[in-house]
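Everything on this sheet refers to the single structure shown next.
Laboratory data are not the source of any read-out in this text; all were calculated from the coordinates shown. All values derive from a computational prediction rather than experimental measurement. Every residue, glycine among them, receives a Cβ derived from its backbone with ideal geometry; neighbour counts consider all protein chains shown.
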Amino acid sequence: MKYNEKTAAAVVNALLRAARKLPREGLHDAWTDEQGRTCAMDGFRAYCLNAAPAGMRETWTCRPDPARAAARAAANNNILAHVFAALDAGKVVEMPAPDADAVKTFIAAEKQQPTHKGIYDLGTEFPAVNMKYLYDIIRLFPAAKWYVNVDPYARMVSPIFIVADEGRACLLPVRVDSKPWKAPEAPAAPVEKPAATQRPETISDDKAPWTYDYFVYSRPAGEKRFLLTNLREGTVGMKRFYAPRYKKQDAEKIMEMLDAVAADNPGCIFQLRKLDGKTVVYTAVPTVTPEQFAASIAA
């Protein structure tokens, strides 16, 4: 098969119809990125075409509010920068391109007797994906090269990248139990029980294992002040006694979590503060990571 502009327009429009069912308005239309590519995504896949195919829905650049279009395009470009980061950094390996006829036959069989829940297995060493999304990308870029994360475990939940002369795309896998996404942990080495004379009699306060360092605060949209926040429960404005505390050793993970939560809560500001409630350690930057992007269909 060869790239066909009419088919490309149909595939992109199908994605946009799916995106318009999502609450995030920023995904409802295609946009033009800084490199002049026409982009569209729906949280499960993303397309970036070097030229907009005739018959495709209009992009934001055609809308009467250019400032709003530019802001939405900039936000979406940041998301795509994270999604395609592994590809741009060369942290990928090429995989066999899926066979179009095999995928088409699988889809037909699945419609007659659904036994695989619409999930197509790309092979023992590769992820499983939504069969319809897979076939759409094959139709969009029929002569493309396909790439996966270099890590054989991480690739099972990381974006699959498709690169063609006409543009590029990515597709998020479906997490299945038969494809572990973390390397098995090595068995812990046996630990000798210290002799009585070697055991500490007491643990000082500054080294106590229950010592914590941070609270999470947030300022919801329309609120004038920051309030203690429980991210797990989704509650804001509790007393210090009930607010979760976090350790310094987990600061990096907490910051990443705050960035992801900020991306899902536009207008809400999240901060990591010391226990005094005044010293700000970190203010979240709304970020959608590849892991978060993958989690939307991996659950």
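Of the cross-linked pairs K91/K145; K21/K182; K21/K132; K253/K274, which ones have a Cα-Cα span greater than 21 Å in the structure shown?
On the way: K91/K145 15 Å; K21/K182 33 Å; K21/K132 17 Å; K253/K274 16 Å.
From the list (K91/K145; K21/K182; K21/K132; K253/K274), the Cα-Cα distance tops 21 Å for K21/K182.
With r as the distance between the Cβ atoms of K2 and R232 and R0 = 51 Å, compute the FRET efficiency 1/(1 + (r/R0)^6) and round to 0.05. Could the numbers behind the result be given before it?
Working: r = 51 Å, r/R0 = 1.00.
Efficiency for this residue pair is about 0.50.
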- Query: What are the extents of the Cα atoms of region 104-185 along their three principal axes, listed from largest to smallest and rounded to whole Å?
  - Reply: 39, 37, 15
- Highest mean first, what order results for 107-114, 216-223 on Cβ atoms within 10 Å? 216-223, 107-114
- Once phi is turned into ³J(HN,Hα) by the Karplus curve 6.51 cos²θ - 1.76 cosθ + 1.60 with θ = phi - 60°, what whole-Hz value does each residue of region 37-45 show in order, with x for glycine and proline? 7, 8, 10, 7, 7, 9, x, 10, 8
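Just list whichever of K6/K104; K2/K104; K224/K248 have alpha carbons separated by over 23 Å in the model shown. Intermediate values should be presented prior to the final figure.
Values: K6/K104 19 Å; K2/K104 16 Å; K224/K248 28 Å.
Going by Cα-Cα distance, K224/K248 fall outside the 23 Å limit.
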- Helix 131-140: angle to the longest alpha-carbon principal axis of the chain, degrees 0 to 90, nearest 10? 50
- Near K247, which aspartates and glutamates are there with a Cα under 12 Å away, not counting those fewer than 8 places off in the same chain? D213
- Task: At 0.36 nm per residue, minus the direct Cα-Cα distance, what do K145 and A54 gain on full extension? Give it in nm, one decimal, please.
- Result: 30.4 nm
- So how do 153-161, 44-52, 18-26 stack up, highest first, on mean other-Cβ count within 10 Å? 153-161, 44-52, 18-26
- Query: Expressed in whole Å with the largest first, what are the equivalent ellipsoid semi-axes of region 5-181 derived from the C-alpha gyration tensor as the square root of 5 times each eigenvalue?
  - Reply: 27, 19, 15
- Message: With Rg/Rh (Cα atoms, Kirkwood Rh) as the read-out, I listed (1) 1.04; (2) 1.06; (3) 0.99; which label goes with the value calculated from this structure?
- Response: (2)
